[in-house]
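Following: one structure in structure tokens, then a few remarks.
None of the figures in this text is laboratory data; all of them are computed from the coordinates on show. Everything numeric here is computed off the predicted structure, so don't read it as measured data. Glycine gets a Cβ as well: all are built from the backbone with ideal geometry, and neighbour counts include every protein chain shown.
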Amino acid sequence: SVDGKSEAVKLTPVEGPLSALKHGMLVLERNFRPFVELSGHHRAALCEILWEVLLDDELVVALDTVLSDVLAGGRPRLWALPGLSPGQQQQLAAFLGLAGLHVQEDSRVRRDARAPRELLSTAHFLVSALAEMPDDTVALMGVCCQLHLIPTLCHLPQVTSADGVSELGDPSLAPLSDAGSFEVVQKLFALSHISLERREAHVEAVIMKRPQYLPLVLYITLHGLCALEGKAE
Amino acid sequence: MFAKATRNFLRDTDPGGDLIPVSSLNDSDTLQLLSLVVKKKKFWCWQRPKYQFLSVTINDILTKDQFLNPVVVESDFVKYEGKFEDVVKGTVETALGRLTLNAGGLGLVESQSSFGTLRKQEVDLQQLIREAAERTINLQSPVLHQVLEHKNEVLCVVTQKIVTTQKCVISEHVQIEEKCGGALGLKTKRVEVSVSEDGNVTRDSNVVLEIPTDTPIAFRVLELYVKEDGQFEFCLLHEKQGGFERGSTDGRDHLDAGIFGEFIFPFVPD
């Protein structure tokens, strides 16, 4: 509708405080609900393989290609993907298996009829965002996972004021007090066109000029990883 | 590795432009002017479209005896030498050093590229459009069957390509640095492109690709809008979308756009 379109225009990331994104956070949490509803074992396995995938940006792109093909009704072949080593193909197959797909002996990928369709499209939602992140961002995201920073970063827009300021005294932001962690996050945000500065007792988070979709893509991946880590409830 | 090198090249020379990086060396043979390419429409607004080469040209799908003979214009494109500093490396080392992770490492990329002198080959569009005006596409062509099956695919024609004029070497360097008494393994991965003067590779590399002269590294396409009777037109403006004249569908599943509305789902496959 016309109203819907104007609302969408208002929410497109534009230069300004990070708090502008907070209205969309509930939508993202809802979209990743299928991850949260997985059994603990299933979710942990998916999370573990995703951490491995995050260290290899070529694998992220390959995964996006396969999932897009399947959702478009195709039955892609893993060995038709250019430049993937056998090890990478194994990692790919492991992820696909956990996302509700089955890799046949001829390497064709098909849907597992027992797996919920929502799980597959949610996995694609996350992977498609990861695949669009700038070079190095995915690896930095992996570091943030290892530093257990993801829930903090998801929460940041919620506690950011209209001026872009959030107090480091807020217990939910405690991990950002560490200088090393902060530097990693600062670089991750900079690559996603968000400026993050620390000023004594607070941090200032501002979306830069012409951010395109990068802040949104960053927050989709953060919420996806948060849901997989089981921290979204 | 090749995909990363070509993507970096375009990020430097044509940011936000119409050129598309070639993602696989295997596509080099099939990437000729007037080749047909399938563009897969994106599911979500933040995605870049994906392209798949068909090993035929538009002449192979035209109704009998209607071949197009385009005029090809060739010119210098650019002499390209780029260095992409690894802007995150130092920061991460500092952070990891302090936090002493035991993780298996992380992949960071530093690229240093030189494809040397590049040439641009392009079809004379005015002449092509004039010549194509009376032509029709044979929709019964076997080549088109699979494209027509998928409703989110658009047929495109290659109208421009950027090719190398020298042999180049693309190499990948993977380095693992032990830090903090071996507690931390930091893996860095670099992709470099260099002009091969004498064919020798002197670098200590894990993977090396040598790409020959005349290898396309980027291309440009025009989308086709094909009517039910086989008549077609080139989509010259960004607002004009290609495709086949038929019904609609979309594949969003359960995902909720909510208050993002068309912010998340602005591009519905036709």
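Two decimals, Cα atoms only, Kirkwood Rh: what is Rg/Rh over segment A:57-152? Using Cα coordinates only, the ratio equals 0.98. Close amide H partners of residue B:77, meaning residues 5 or more places away or on another chain with modelled amide H under 5 Å apart, are B:118, B:119, B:120.
Report the relative contact order of segment A:162-209, percent, no decimals, based on alpha-carbon pairs under 8 angstrom and at least 6 residues apart. Normalised by residue count, the contact order of segment A:162-209 is 40 percent. Residues A:213, A:219, ranked from the fewest to the most other C-beta atoms within 10 Å, line up as A:213, A:219. Estimated at 0.36 nm per residue, the fully extended path between residue A:85 and residue A:199 surpasses their Cα-Cα distance by 36.5 nm.
Please check: in the Gaussian network model of chain A (C-alpha springs, under 10 Å), which one of A:205, A:123, A:174 has the largest mean-square fluctuation. The residue that fluctuates most here is A:174. Taking the fewest neighbouring Cβ atoms within 10 Å as the starting point, the ordered list for B:65, A:170, B:229, A:135 is B:65, B:229, A:170, A:135.
For segment A:124-182, the share of alpha carbon pairs falling in successive 10 Å distance bins from zero is 19, 45, 31, 5 percent. Based on C-alpha pairs under 8 angstrom that are at least 6 apart in sequence, chain A has a relative contact order of 31 percent.
Highest mean first, the peptides B:122-129, A:186-193 sorted by other C-beta atoms within 10 Å per residue fall in the order A:186-193, B:122-129.
In terms of distances greater than 24 angstrom between alpha carbons, the cross-link table entries B:120/B:167; B:42/B:120; B:4/B:39; A:22/B:41; B:41/B:79; B:42/B:227 yield B:42/B:120; A:22/B:41; B:41/B:79. Given the C-alpha centroids of segment A:86-114 and segment B:15-33, what is the distance between them in whole angstrom? If you average the Cα positions of each part, the centres end up 28 Å apart. Legend: ranking of residues B:74, A:48 from fewest to most surrounding C-beta atoms inside 10 Å; resulting order B:74, A:48. What does the charge count near residue B:68 come to, summing +1 for each Lys or Arg and -1 for each Asp or Glu among other residues with Cβ under 13 Å from its Cβ? That sum, taken over residues with Cβ under 13 Å, equals -3.
With a Förster radius of 41 Å applied to the beta-carbon distance between residue A:111 and residue B:56, the computed FRET efficiency rounds to 0.85.
Across segment A:86-232, Cα-Cα distances exceeding 27 Å account for 30% of all pairs.
Between amide H atoms placed 1.01 Å from N, distances below 5 Å from residue A:15 occur with A:210, all of them 5 or more places distant or on a separate chain.
Annotation for segment A:164-233 versus segment B:52-78: alpha-carbon center distance of 48 Å. Where only DSSP H runs of four or more residues are counted, chain A gives -16500 deg cm²/dmol as its mean residue ellipticity at 222 nm, each run worth -39500 (n - 2.57).
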